[in-house]
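The values are calculated or read from the model by the stated rules, or taken from the named source; none is laboratory data. Just so it is clear, the structure is predicted and the values come from calculations on it, not from any experiment. Virtual Cβ from ideal backbone geometry, glycine too; neighbours counted across all protein chains shown. Note: areas computed on protein heavy atoms with side chains; ligands, DNA, RNA excluded. Shrake-Rupley method; radii C 1.70, N 1.55, O 1.52, S 1.80 Å.
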Amino acid sequence: MRSMRAGLVLHGRLLVTGRSLGLSPTRPCRSTASDSSACELKSKLGPTGAPSSDGARSQPVQEPVLSHQEEMMVRRLAEGLLAQNRASLARAITLLESRLPRSRLVSAALFDRLLAAQTHGASSESFRVGLSGPPGVGKSSFIEVLGKALTDRGHRVAVLAVDPSSHTSGGSLMGDKTRMPELTRDLRAYIRPSPTGGMLGGVARSTRDTIVLCEAAGFNIVLVETVGVGQSEFAVADMVDIFVLLIPPAGGDELQGIKRGIVELADLIVVTKADGELIVPARQVQAEYTSALKFLRPRWSKWKPKVLSVSAQNGEGMAQLWEKMEDFCRLARVSGELTVRRRNQCVSWMWGLVREGAAEMLLNYPAVRRRAKELEQRVAKGDLPPGVAADTLLEAFIGATCREFPLMEQHVEKPDESTSER
Ligand SMILES: Nc1nc2c(ncn2[C@@H]2O[C@H](COP(=O)(O)OP(=O)(O)OP(=O)(O)O)[C@@H](O)[C@H]2O)c(=O)[nH]1
């Protein structure tokens, strides 16, 4: 606790802005050893934004107290979510995606309430599936068929579509409901595009929290779909239980638009469109990947990545694929590795947000921003080693915060080593 306080004093701005962003003061995280989902509910806030991106000064400290209206909103949303009401889920996600400080405050309170209702117990039963593949590989057709098969078996399926290109192309291609017409009409399914503003690795920071909200609303299978753009696949792989890479039935990674390193992250590789004339090339690609995987170090003690081929057009291979996914889920649960993976993901997500928030905060000081430009140029020319430039920039940041909060300097305490970042 002491070290945490020191951190807050040292970065006085964090204290101020963290509060204005609605870091809930009410309760410490009550995560149990058996389930990291409580922490997921609790660690839902994105990076801080003060001073605001336009360089404006941060708001004065404001007590994160909800108005009566906001309290009512939180209660209604929580009740709606727990009653598996889709409209409440949609509203809760919209609230979560908002970057307005009050909205963050309200959504933090909502997560608090869900935590209090012990909904995290339910999410430990959920299964989070990441799906990625190059454009045109057949993701929507695949999800439509798999999703329908799952809802027919009684599962409740949420599909979160992350399209990192949507903020530049102006619209969310992946959110287009015509892509999965049957699943869109299915009352046991819920499809939602994830916006990409304020991205972490190309994935909306709210995507991860949206998974938790969907689980609270009773969706026991969450499919997170991403197109292979930027670093989005890597970010998605780090927020799911199983990561499935879809590959088209054509040779060569580059030809297929598959990024280096992504194959290593796949727990399952699925060659799509294995029908008609494409059966033979699909089987060839399957064989190529099967032998390539032999040389990779498995990420799980009880699971070796597998390669399958399927056709969304005629349904061939889809049942076997789901069987494999279930095998994976069972093994990962029984071995306890799933719990460990989720916990590690929470921690790494937290640090990712801290890094992103700290960089944002740092650059919001005009003086630091100016210094950064100058240092960048010197580093680019080779006049200054990057490490020295980074230290100089951090010093400029500390100088700026100390100038702003002169009393803070006197209170700077040595951070407790046991809790410092690894
Ligand atoms: N033969 C065959 N074609 C398929 C199959 N699945 C998808 N396709 C075709 O492949 C094309 C792309 O399919 P989509 O499902 O839209 O692929 P996607 O990866 O979602 O594409 P984006 O929306 O561009 O990311 C379409 O013309 C589909 O008809 C399949 O199982 N067999």
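Got a sec to turn the phi values of region 242-249 into Karplus ³J(HN,Hα) couplings, 6.51 cos²θ - 1.76 cosθ + 1.60 with θ = phi - 60°, whole Hz, x for Gly and Pro?
For region 242-249, the Karplus-derived couplings read 10, 10, 10, 9, 9, 10, x, x Hz, x marking Gly and Pro.
Whose amide H sits under 5 Å from the amide H of L223, counting only residues 5 or more places off or on another chain, with H placed in the peptide plane?
V129, A158, V159, L160
Can you give me the solvent accessible area of T94 with a 1.4 Å probe, rounded to the nearest 10 Å²?
Counting only protein heavy atoms, T94 exposes about 80 Å² to solvent.
Once amide H atoms are built 1.01 Å from N in the peptide plane, which residues 5 or more positions from S194, or in another chain, come under 5 Å H to H?
A161, V162, D163
Place the peptides 302-308, 289-295 in order of packing, highest mean first, counting for every residue the other Cβ atoms within 10 Å and averaging per peptide.
302-308, 289-295
Kirkwood hydrodynamic radius for region 227-382: how many Å is it when counted over pairs of different Cα atoms?
It works out to 18.4 Å.
For the cross-link pairs K148/K302; K148/K294; K148/K306, which exceed 27 Å when the distance is taken from alpha carbon to alpha carbon? Show your work: numbers first, answer last.
Values: K148/K302 29 Å; K148/K294 33 Å; K148/K306 23 Å.
Listed pairs above 27 Å: K148/K302; K148/K294.
Compare E97, E288 by solvent-accessible area with a 1.4 Å probe and give them largest first, with all protein chains kept in place.
E288, E97
Scan around V307 for amide H atoms under 5 Å from its own, H built in the peptide plane at 1.01 Å from N, and keep only partners 5 or more places away or cross-chain.
The answer is I269.
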